[in-house]
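Presented below is the structure to which this report refers.
The values are calculated or read from the model by the stated rules, or taken from the named source; none is laboratory data. None of the values given here were measured: they were computed from a predicted structure. All Cβ positions, even for glycine, are placed from backbone atoms using ideal geometry, and neighbour counts span all protein chains on display.
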Amino acid sequence: MGSVLTRSGIGTALLFALVVGGASLRVQGEQAGDLKRFMRQKLEHSQKVLEGLTLENYALVAENARALKELSEDARWRVSPNINYLRLSAEFQDLAQEVAEKARQKNLDGATLAYVRMTVNCVKCHEYTRENRITRLDSRAPYIR
C-alpha cells in the first residue's frame, strides 16, 4: 500500500506540472477559450483517474482513462502536424488505453504505473510544444499561418 501512495504522490506532482504546462499555450480570442475549456476537461479526467487510483476505485479509473483517450481523438487535440507532436500524442493514447485496461484487470500497480507514464508524456508534450512553438494556435509558429 505504501508504494501505491508514493506513486500517487508522484502522480500528483506530475499532474501539477501538466497544469502549468497547459497554461502556457498561446492562443487568441474564442480559440483560446475553447482550448482552455478543452484542457480543463483533460485535467478533470486526469484528476479523477488519480482519485480512482488512490481509492482503488477501478471503475472510476477506467471510465476517466477512456474519456482521456476519447479527448485525445478529438480534432481540438490535434494542434499541430509536427511529427514529434504526433508521436507524443499517439503515445498518450496508448497509455490512456493501458490505464483503462489495467483498471479493468483490477491491477492497481499496473494502472498506477501507466498513469504516471501518461502524465510524464503530457509534461513532455507540453514542454515540446512550448519550446518549439509548434501549435497552429501559436501566432509565432514559424510554418503555420
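Data overview
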read-out	value
One residue from 90, 65 being within 11 Å of the chain's Cα centre (by Cα) and either of a type in the set (D, E, K, R) or assigned to a helix (DSSP H, G or I) (or both)	65
All positions within region 98-110 that are without any contact (Cβ under 8 Å) to a residue 40 or more places away in the chain and surrounded by fewer than 15 Cβ atoms within 10 Å (Cβ to Cβ)	105, 107
Number of the condition not met by residue 95 [criteria: (1) surrounded by 21 or more Cβ atoms within 10 Å (Cβ to Cβ); (2) in contact (Cβ under 8 Å) with a residue 40 or more places away in the chain]	(2)
Complete set of residues in region 71-87 that are part of a helix (DSSP H, G or I) and touching a helix residue (DSSP H, G or I) at 6+ places or on another chain (Cβ under 9 Å)	71, 72, 76, 77, 84, 85
Hits in region 36-63 (condition: modelled with pLDDT of 95 or more and either β-branched (Val, Ile, Thr) or more than 16 Å from residue 113 (Cα to Cα) (or both))	44, 45, 49, 54, 59, 60, 61, 63
Count - residues of region 49-62 that are touching a residue at least 12 places away in the same chain (Cβ under 8 Å), not aliphatic (A, V, I, L, M) and not in a loop (DSSP other than H, G, I, E, B)	3
Index of the failed condition, residue 14 passing every other in (1) crowded, with 19+ Cβ neighbours inside 10 Å; (2) within 11 Å of the chain's Cα centre (by Cα); (3) modelled with pLDDT of 60 or more	(3)
Boolean, residue 128 is over 18 Å from residue 43 (Cα atoms) and either at pLDDT 95 or above or in a helix (DSSP H, G or I) (or both)	yes
